[in-house]
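Asker: Sharing a structure with you now.
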Amino acid sequence: MTRRDIWTPVLIAAWAIVLGLLVWPLGKILLSSFVVDGEYTFANYTLIFSEPRFLNTIGNTFLVGFGGMIGALILGVGLAFVVSRFEIRGRTAIEVLALIAMVSPPFIGAYSWIVLFGANGLVRTSLASIGIDIPPIYGTPGVIMVFALKFFPQVFLITAGAFAAVSRSLEEAAESLGVSPTRRLFTITLPLIMPAITASGLLAFVMSIADFGTPQIIGRGLQVLATQAYILYSADLGSNQGLASAISLILVGISMVFVLLQRWMMRRDIYHNSGMKRAERRPIAGLKSLYLHIAAYGLVLLGSIPTITVIYYSFRRTRGPVFQDGFGLQSYERVLQRLSDPIVNTLIYSAIAVVAIVVVGTLLGYLITRRRSLATGALDGILTVPYVVPGVVMGIAYAAAFNVAPLVLTGTGAIIILAIFIRRLPYTVSSVGAALRQISPNLEQAAMSLGVPPGRAFLKVTAPLLIPGIVAGAMMSLVTAMNELSSSLVLYIGRTITMPVRIYIAVIDGEYGIAAALSTILLAMTIVAILAMSYAAKRQYKS
């Protein structure tokens, strides 16, 4: 069997998935961006690029996107370097705390920051009582800070694996030539992990500009493209789907520019290392050890503050929606008595979607990275679209596309699973691609030169080396799938409601006790699933 016989059907299946689950639904929405009063026109785009409020919105989008990305890269890469290269006690605890920071549920996380650092926040008022005044968290700086703390765990997860995979022999050779540690870091180590840095930076940027919940709650008047699209779609009166679609297209265009920029950077400088001699963690002592431990633990604890706050309030005594003095389990009792369906639905939908994402994402990641062609390049570009399309837009697109024969899925769990699958698929594709760029293709080619069929060479040689990248992508897919809100908010009906949707409804209704209890249960489910996945992956990797 030839190499073409194996990967051509995979490429055809990949295009069928993308066309059916992404291009077709979004095509219906995109067409509406050119429709005003039943006629095709560019009026929506003319309005966006001439109206000052929309121009300010575009500027705000770039500001929070770059701010969130730079903050997440500084924190995430710095933490990954410290944990990967030095003997930090309790490294597993740091990784778990970073994951806790990453799984902070939507809306509740932003609400927690307001509880702590809002105008009447607990921390702010406590500091004011001892004469220390700090500004409230509202506005652009607050949004950027929350984005940096919200997305640095993704950067950490991706780059930590890359740091660990760098061959020690290269750094030892530089050290033997008298190159200083700082120069080795910037001239050898960082260039080798640049694919992981740019991939995670791109992820942080597009997640920042696609997020509408944080600017909506903390921004206090700060409008970005995602919030504008959400407002225009969801307005009870004066809804303008055409204008919202045009705004969504601009979001997609911004993302595509940065994807192309990242691809250009990768083509200029591609470095491979054999990975045969992995880097070792160096022992540290004295003040250096103290500083690094404080920095590592302080960062992950700061990122975990919203989640810790949610857990704390879930155990506060409540009477109806009102918190009382003391602690109790009233919120959990109400959840278990009335709200078991969202828990079951979330588990089933997320599990099915992530299994499909791992299988399809691994094949697509390999196809795009190792089988470069016009078709795979176009596929790679299209797969960046789910990053930035607001979930509410995807939800409306699916409701429109799958509400007519021959495929009627509206009102079923299948439509939510498909929406989660296509929105989170790029995470695993990018993570696998970043891992592949650090693995020399010579290993697989050597196996095939010995007569091993291409498919078996991929499974026996390349796939085992990809496990860290697959696990990193699967973790991000799982966490975001279980916390998927915006598209599910559009697609759910009573019997298919998920936990994030129920949390959102509880926050809107002022039932913060139920929201906190549900969020804590969601957090526990996510952590258990991630730990189980990590344990299984480590056993597989060792074998």
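The values are calculated or read from the model by the stated rules, or taken from the named source; none is laboratory data. The shown structure was predicted, so the numbers you read here are calculated from the model rather than taken from an experiment. Please note: Cβ atoms are built from the backbone with ideal geometry, for glycine as well, and neighbour counts cover all protein chains shown. The protein model used for the area step is the full one, side chains on, heavy atoms only, and it has no ligands, DNA or RNA in it. Shrake-Rupley method; radii C 1.70, N 1.55, O 1.52, S 1.80 Å.
Asker: Find all pairs meeting these conditions: Cβ atoms under 7 angstrom apart; at least six residues apart or on different chains; first residue within segment 168-182 and among the basic types (Lys, Arg); second residue not in a loop (DSSP other than H, G, I, E, B).
Answerer: 168/278
Asker: Here is a follow-up. Which residue out of 237, 251, 243, 261 is closer than 30 Å to residue 395 by Cα and at pLDDT below 75?
Answerer: Unique residue meeting the criteria: 237.
Asker: Out of curiosity, is residue 194 modelled with pLDDT under 80, open to solvent by 40 Å² or more (accessible area, probe 1.4 Å) and not small (Gly, Ala, Ser)?
Answerer: So residue 194 fails the test.
Asker: While we're on this one: Kindly list, by first and then second residue, each pair from a residue in segment 450-461 that is closer than 14 Å to residue 366 by Cβ to a residue that is of a type outside the set (S, T, N, Q) and in a loop (DSSP other than H, G, I, E, B), limited to pairs with Cβ atoms under 6 Å and residues at least 6 apart or on different chains.
Answerer: none
Asker: Within segment 163-188, which residues are at pLDDT below 80, part of a helix (DSSP H, G or I) and closer than 21 Å to residue 430 by Cβ?
Answerer: Listed by number, the residues that qualify are 164, 165.
Asker: I've got another one for you. Condition test on residue 139, is it open to solvent by less than 60 Å² (accessible area, probe 1.4 Å), at pLDDT 80 or above and touching a Gly at 6+ places or on another chain (Cβ under 8 Å)?
Answerer: yes
Asker: If a residue must be assigned to a helix (DSSP H, G or I) and in contact (Cβ under 8 Å) with a residue 12 or more places away in the chain, how many such residues does segment 325-350 contain?
Answerer: Counting residues in segment 325-350 that are assigned to a helix (DSSP H, G or I) and in contact (Cβ under 8 Å) with a residue 12 or more places away in the chain gives 14.
Asker: Please state which one of 377, 395 is out of contact with any strand residue (DSSP E or B) (no Cβ under 9 Å at 6 or more places or on another chain) and either open to solvent by less than 30 Å² (accessible area, probe 1.4 Å) or assigned to a strand (DSSP E or B) (or both).
Answerer: Step by step, each of 377, 395 is checked, and only 395 is out of contact with any strand residue (DSSP E or B) (no Cβ under 9 Å at 6 or more places or on another chain) and either open to solvent by less than 30 Å² (accessible area, probe 1.4 Å) or assigned to a strand (DSSP E or B) (or both).
Asker: Those residues that are modelled with pLDDT of 80 or more, open to solvent by 40 Å² or more (accessible area, probe 1.4 Å) and assigned to a helix (DSSP H, G or I), I need them from segment 491-516; list them, please.
Answerer: Of everything in segment 491-516, those that are modelled with pLDDT of 80 or more, open to solvent by 40 Å² or more (accessible area, probe 1.4 Å) and assigned to a helix (DSSP H, G or I) turn out to be 494, 495, 505.
Asker: Can residue 402 be described as of a type in the set (Phe, Trp, Tyr), open to solvent by less than 40 Å² (accessible area, probe 1.4 Å) and modelled with pLDDT of 85 or more?
Answerer: yes
Asker: Follow-up question, since we're still on this one. Please specify each residue of segment 23-50 satisfying the condition of being within 17 Å of residue 251 (Cα to Cα) and in contact with a Gly (Cβ under 9 Å, 6 or more places away or on another chain).
Answerer: 32, 33, 34, 44
Asker: Mind counting the residues in segment 1-33 that are aromatic (Phe, Trp, Tyr) and closer than 18 Å to residue 385 by Cβ?
Answerer: 2
The rows are residues; the columns are (1) part of a loop (DSSP other than H, G, I, E, B); (2) at pLDDT below 75; (3) buried (at least 18 other Cβ atoms within 10 Å of the Cβ).
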site	(1), (2), (3)
423	no, no, yes
427	no, no, yes
433	no, no, yes
440	yes, yes, no
446	no, no, no
459	no, no, no
462	no, no, yes
468	no, yes, yes
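Asker: Just to be sure I understand, how many residues within segment 337-346 are modelled with pLDDT under 85 and exposed (fewer than 15 other Cβ atoms within 10 Å of the Cβ)?
Answerer: Total satisfying the criteria: 3.
Asker: Give the residue, chosen from 161, 121, that is open to solvent by less than 20 Å² (accessible area, probe 1.4 Å) and either among the β-branched types (Val, Ile, Thr) or closer than 26 Å to residue 306 by Cβ (or both).
Answerer: Of 161, 121, the one residue that is open to solvent by less than 20 Å² (accessible area, probe 1.4 Å) and either among the β-branched types (Val, Ile, Thr) or closer than 26 Å to residue 306 by Cβ (or both) is 121.
Asker: How many residues does segment 393-424 hold that are among the aliphatic types (A, V, I, L, M) and either without any contact (Cβ under 8 Å) to a residue 12 or more places away in the chain or in contact with a Leu (Cβ under 7 Å, 6 or more places away or on another chain) (or both)?
Answerer: Counting residues in segment 393-424 that are among the aliphatic types (A, V, I, L, M) and either without any contact (Cβ under 8 Å) to a residue 12 or more places away in the chain or in contact with a Leu (Cβ under 7 Å, 6 or more places away or on another chain) (or both) gives 13.
Asker: OK, next. Determine, yes or no, whether residue 203 is under 30 Å from residue 435 (Cα atoms) and either in a helix (DSSP H, G or I) or more than 23 Å from the chain's Cα centre (by Cα) (or both).
Answerer: In short, yes.
Asker: Follow-up. What's the number of the condition residue 155 fails, among (1) open to solvent by 50 Å² or more (accessible area, probe 1.4 Å); (2) in contact (Cβ under 8 Å) with a residue 24 or more places away in the chain; (3) of a type outside the set (S, T, N, Q)?
Answerer: (1) is the only condition that residue 155 fails.
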